[in-house]
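A single structure is presented below for examination.
The values are calculated or read from the model by the stated rules, or taken from the named source; none is laboratory data. All figures in this text were calculated on a predicted structure; none of them were measured in a lab. Cβ atoms come from the backbone with ideal geometry, glycine included; neighbour counts cover every protein chain shown.
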């Protein structure tokens with residue numbers, strides 16, 4: 001019962017984060033589906049010195065293209081899903097509290113899946129694998145099948161890493 005409570009809380013947190021990120025993003029017709037976040041930048045932040053660039057890990061340099069950013073994000077999500085798979089495996093077989101630790105990874109890597117599903121269903125008006133994944137993967141997770149959910153998430157991101165390598 002406690003595991004279902006933790007899983008529900010993690011998915012609720014993920015839903016709130018998804019809502020906040022969708023609320024602050026805008027789609028431009030010029031970018032054809034590429035999400036751009038609008039932020040107000042003060043004039044003091046416009047000058048970039050090397051120390052500020054080194055400290056800010058989210059700075060995208062001019063040499064980075066959109067494909068490189070997508071590849072880095074996909075690889076990061078794959079690493080997180082791999083760690084969550086390991087934690088869920090150890091939690092299922094040896095030490096159950098590790099399942100609770102894997103829930104944080106699941107909550108983090110569910111957000112991009114839900115974003116793709118939302119964009120596909122509500123913006124593009126079509127049902128594809130993104131929509132089905134955004135329903136099925138959290139559904140498996142919330143029913144308490146943590147190891148199966150971990151394998152499903154790992155396979156999802158493994159094939160996305162392969163897809164980005166082939167592009």
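If residue 100 meets every condition in (1) surrounded by 14 or more Cβ atoms within 10 Å (Cβ to Cβ); (2) at pLDDT below 75 apart from one, which number is that one?
(2)
Ok, one more. Could you grab me the full set of residues in region 88-107 that are under 21 Å from residue 160 (Cα atoms) and out of contact with any helix residue (DSSP H, G or I) (no Cβ under 6 Å at 6 or more places or on another chain)?
104
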